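Peer 1: There's a structure below that I have some questions on.
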């Protein structure tokens, strides 16, 4: 290969690199002028430039769309999940509130309740086991009541949610 | 733009399904195209499409608005696709998306061809065949660059690779695309 051939080869190689670079990351104004001049004079490189432009044009034109059914299913799933998350959050807030109230109740009332139950037991001449059982019932009362309330609310919410999901018009395609 | 992203981030923290509805409407085709480009399989892309939006709902509070929403969205979709591929194959994560290791993640399918299923007509079929012949890692960057018109930096962020890798995949992908569609 003589010197002229080598130089010609390098010129074509540079042109090929610039053809791709123009689309991938852009090229400088000077490179653009050089490339356009070269393409005007070189048929193979010009064909290469057209082939690359056509390939990109084809890619841009490829009409790929999500199906209406898939989009609809996704929307429904998102709404269901959002509702689940909302309900979980509300339950968590209610649970921690109940725990806080019950803990506060226990801390504040235990000594007085114990003293009161003991006094009542003595006054009624009841055996210790009886007033102590009464104390235990009293002690567990707030947590039991709150748990019952929350269980009732949870059951009601599940029924509401199921009704809402079944009867809402989701615009199925 | 940043204000819009910040407002969107605040809305996502509220997990409002109406906000998600709007986003699904806006990004449905772009996200689906992207998922199809990396999975090469319509049913898988549809499953991941749903998974991605559920993840957006659950992890919406993690979007800070520092990136464009679509970059974050595509990042989630990509993670889910790789997780799925990892569950289906025993190979390493690198292998799954490495163009040098063959076709990467294309789930087994008895139907005619993956991307091809979407398109009809002679010209479309030619494009589909050409795209299906390209390794997913190349298809992914080609789509992000030429269909989504994303800048190189964002592409690198989505594919979690250095800018130089994103560029090199684009150059190789473009060459593969030209050969496979142009047939030279």
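The values are calculated or read from the model by the stated rules, or taken from the named source; none is laboratory data. A quick note: this is a predicted structure, and the numbers were derived from the prediction, not measured. Positions of Cβ are backbone-derived with ideal geometry, glycine not excepted, and every protein chain shown enters the neighbour counts.
Peer 1: Restricting attention to segment A:96-119, does a residue exist that is away from every other protein chain (no Cβ under 14 Å) and under 30 Å from residue B:53 (Cα atoms)?
Peer 2: yes
Peer 1: What is the one condition in (1) exposed (fewer than 13 other Cβ atoms within 10 Å of the Cβ); (2) at pLDDT below 85 that residue A:125 does not satisfy?
Peer 2: The single condition residue A:125 does not satisfy is (2).
Peer 1: For segment B:71-184, please list each of the helices (runs of 4 or more DSSP H) lying entirely inside it that holds at least 1 residues being at pLDDT 85 or above, surrounded by 14 or more Cβ atoms within 10 Å (Cβ to Cβ) and touching a helix residue (DSSP H, G or I) at 6+ places or on another chain (Cβ under 7 Å).
Peer 2: B:136-142, B:152-159, B:163-177
Peer 1: Quick one: in segment A:45-56, which of the residues that are surrounded by 20 or more Cβ atoms within 10 Å (Cβ to Cβ) and more than 7 Å from every other protein chain (Cβ to nearest Cβ) is farthest from residue B:44 (Cα to Cα)?
Peer 2: Once the filter is applied, the top-ranked residue is A:45.
Peer 1: Can you name the number of the only condition in (1) more than 12 Å from every other protein chain (Cβ to nearest Cβ); (2) touching a helix residue (DSSP H, G or I) at 6+ places or on another chain (Cβ under 7 Å) that residue A:71 fails?
Peer 2: Failed condition: (1).
Peer 1: Another question, then. Which residue out of A:66, A:147, A:61, A:151 is exposed (fewer than 15 other Cβ atoms within 10 Å of the Cβ), closer than 30 Å to residue B:51 by Cβ and modelled with pLDDT under 90?
Peer 2: From the options A:66, A:147, A:61, A:151, the qualifying one is A:61.
Peer 1: How many of the residues making up segment B:35-52 are modelled with pLDDT under 90, closer than 13 Å to residue B:77 by Cβ and within 10 Å of another protein chain (Cβ to nearest Cβ)?
Peer 2: Number satisfying all stated conditions: 2.
Peer 1: Identify, from the list B:64, B:59, B:55, the residue that is outside any helix (DSSP H, G or I) and in contact (Cβ under 8 Å) with a residue 12 or more places away in the chain.
Peer 2: Only one candidate passes the filter, namely B:64.
Peer 1: Let me ask something else about it. Name the one entry in A:76, A:59 that is facing chain B (nearest Cβ under 9 Å) and part of a helix (DSSP H, G or I).
Peer 2: So the residue among A:76, A:59 that is facing chain B (nearest Cβ under 9 Å) and part of a helix (DSSP H, G or I) is A:59.
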